[in-house]
Amino acid sequence: MIALYLKEIFLSPVGAIANDEIESSFVSKSTKEPGTKVEVLLSAKMNRTENGILIDLGGRLSLSTHCDRCLKKITTGYNFKSDLEIKNQDVVHLKNYQYPLEELLNEQILLNQPIKELCRDDCKGLCANCGNDNNIKKCDCKPFIEINSPFVALKGKKHGPAEKKNKQ
Ligand SMILES: [Zn+2]
Ligand SMILES: [Zn+2]
């Protein structure tokens, strides 16, 4: 479990400041490939206030995934910052003064991971026809029309009937 240990700062006078560094890992449910092990590097600045503890949390989450275009294994990572306030009445209910962080880290993964993970911005991907990796060399297949492209519908209207005639 990844958690902030709050006992010392909680028992300190108002105005006290404490720093904590955490280096750990956990298995995330929020990664694109659920169950991916995520390496976590965190630093927390904790500030004892009258109402509780203010925490300035920041860090880096690193993980292995696959390029969405060419499927090559890649390592990626996200930086994040988060401000927390844990009220006195909540601190006393924590088990062993430990504030668990995995839920927050899963949220940060969801917030920060891009729609497409790419090995590089200009990855040419795999040929949809023969599976060739176009980053290495081009295959002889005709260019593949992306199904999601807004031009597919237009192309269908323009060339559809003509193509049918040609085939007959
Ligand atoms: Zn790629
Ligand atoms: Zn091909």
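The values are calculated or read from the model by the stated rules, or taken from the named source; none is laboratory data. Since we're looking at a predicted model, the values are computed, not measured. No Cβ is skipped: glycine too gets one built from the backbone with ideal geometry, and neighbour counts run over all protein chains shown.
Leu104 meets all of the listed conditions (1) out of contact with any Ser or Thr (no Cβ under 8 Å at 6 or more places or on another chain); (2) free of Cβ contacts under 8 Å to residues at least 60 places away in the same chain; (3) more than 16 Å from ligand 2 (Cβ to nearest atom) but one, namely (1).
For the range 1-26, a residue qualifies if it is surrounded by 15 or more Cβ atoms within 10 Å (Cβ to Cβ) and acidic (Asp, Glu), and exactly one does: Asp20. In the set Lys37, Lys81, Lys45, Lys32, only one residue is assigned by TED's automatic domain parsing to the domain that holds Ile9 and within 16 Å of ligand 1 (Cβ to nearest atom); that residue is Lys32. Just one of the listed residues (Cys127, Cys139) is touching a Lys or Arg at 6+ places or on another chain (Cβ under 9 Å) and surrounded by 10 or more Cβ atoms within 10 Å (Cβ to Cβ), namely Cys127.
A quick yes/no check of all residues on (1) crowded, with 16+ Cβ neighbours inside 10 Å; (2) at pLDDT 95 or above:
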site	(1), (2)
Val40	yes, yes
Met46	yes, yes
Thr49	no, yes
Ile53	yes, yes
Arg60	no, yes
Phe80	yes, yes
Val92	no, no
Tyr97	yes, yes
Leu101	yes, yes
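Would you check which residues across the range 23-47 are charged (D, E, K, R), under 21 Å from Pro114 (Cβ atoms) and free of Cβ contacts under 8 Å to residues at least 40 places away in the same chain and list them? Write out each step before concluding.
Keep residues of the range 23-47 that are charged (D, E, K, R), which gives 23, 29, 32-33, 37, 39, 45.
From what is left, the residues that are under 21 Å from Pro114 (Cβ atoms) are 29, 32-33, 37, 39.
Within the range 23-47, Glu33, Lys37, Glu39 meet the criteria.
Scanning the range 54-87 for residues that are within 16 Å of ligand 2 (Cβ to nearest atom) and of a type outside the set (D, E, K, R) gives Cys70, Leu71.
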